[in-house]
Amino acid sequence: MLRLILIFVLLAIVALLIYAATKPDTFRIARSTSIKAPPEKVFPLIADLHNFNIWNPFAKKDPNATGAYSGAESGVGSAYAWEGNKNVGKGSMTIAKLTPSIEVVYKLDFMSPMEAHNTAIFTLVPNGENTQVTWAMEGPSPYLSKVMCTIFSMDKMVGPDFEAGLASLKALAEK
């Protein structure tokens with residue numbers, strides 16, 4: 001009987017590993033909100049890392065995290081590195097591309113709790129008196145990530161943080 005259970009568990013693990021191998025090689029998580037403000041008012045809250053960290057939901061997860069700005073004061077090349085508890089880990093973000101009042105692209109490098117190199121993209125689309133803001137993160141899915149995402153939903157883990165951040169950005173921009 002024990003041998004049968006062991007064979008079943010082994011087969012389940014093999015099936016999980018095979019299923020994980022069929023997952024896409026990249027991922028994308030995105031959330032959007034409508035903000036009652038023009039893109040010109042919202043854009044500086046995203047394009048300047050000092051402003052970004054006022055509403056950054058990940059900074060709120062560890063108020064004792066340490067961080068340092070480097071590179072350009074703002075705009076392309078400005079960077080922020082942080083180190084905090086298990087909820088925020090250690091990493092850095094650098095503004096890689098700006099299209100004024102339309103798009104901000106960040107290069108994200110996470111060192112812990114798991115190493116990852118992703119891209120965050122904020123797009124702003126005017127819609128009458130409002131601005132539709134989309135926060136997306138995308139990147140490669142190495143095999144280990146595919147296995148983990150078979151068990152845990154990255155969208156369910158990170159999506160609520162994006163929603164909280166966009167709600168804070170909305171509140172700040174609509175003042």
Original post:
Rounded to whole Å and sorted largest first, what semi-axes of the equivalent ellipsoid does the C-alpha gyration tensor of the chain yield via the square root of 5 times each eigenvalue?
Top reply: 36, 18, 15
Original post:
Helix-derived [θ] at 222 nm for the chain: sum -39500 (n - 2.57) over DSSP H runs of at least 4, divide by residue count, nearest 500?
Top reply: -12000 deg cm²/dmol
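Among the listed pairs LYS36/LYS97; LYS61/LYS175; LYS97/LYS175; LYS36/LYS60; LYS41/LYS175, which have their C-alpha atoms separated by more than 20 angstrom in this model?
Correct reply: LYS36/LYS97; LYS61/LYS175; LYS97/LYS175; LYS36/LYS60.
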Original post:
What FRET efficiency do you get for MET114 and GLU174 if R0 is 30 Å and r is their Cβ-Cβ distance, rounded to the nearest 0.05?
Top reply: 0.30
**OP:** Would you mind ranking ILE13, ILE95, ILE102, ILE29 so that the residue whose beta carbon has the fewest other beta carbons within 10 Å leads the list?
**Re:** ILE13, ILE102, ILE29, ILE95
Original post:
Given the Cα-Cα distance of LEU17 and THR134 and 0.36 nm per residue of separation, how much length would full extension add, in nm?
Top reply: 38.8 nm
Subject >> Rg/Rh for segment 85-128, where both radii come from Cα atoms and Rh is the Kirkwood radius >> reply: 1.14
**OP:** Once every Cα of segment 122-175 carries one equal point scatterer and solvent is ignored, give the base-10 log of I(q)/I(0) from the Debye formula at q = 0.17 Å⁻¹, two decimals.
**Re:** -0.68
Original post:
Looking only at segment 90-116, which residues have a backbone nitrogen under 20 Å from a spot 7 Å from the Cα of VAL76 in the C-beta direction?
Top reply: 93-109
Original post:
Over segment 1-58, what per residue volume does the convex hull of the Cα atoms give, in whole Å³?
Top reply: 171 Å³
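Starting from segment 70-105, pick out the GluC sites (Glu not before Pro) whose DSSP state is loop and whose Cβ has at most 13 other Cβ atoms within 10 Å.
GLU73
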Original post:
What relative contact order, as a whole-number percentage, does the chain give when Cα pairs under 8 Å and 6 or more residues apart are counted?
Top reply: 29 percent
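FYI, it's all coordinate maths here, none of it is from the lab. Bear in mind the structure is a predicted one, so any value in this text is a computation, not a measurement. When we count neighbours, we look across all protein chains shown, and the Cβ atoms used for this are built from the backbone with ideal geometry, even at glycine.
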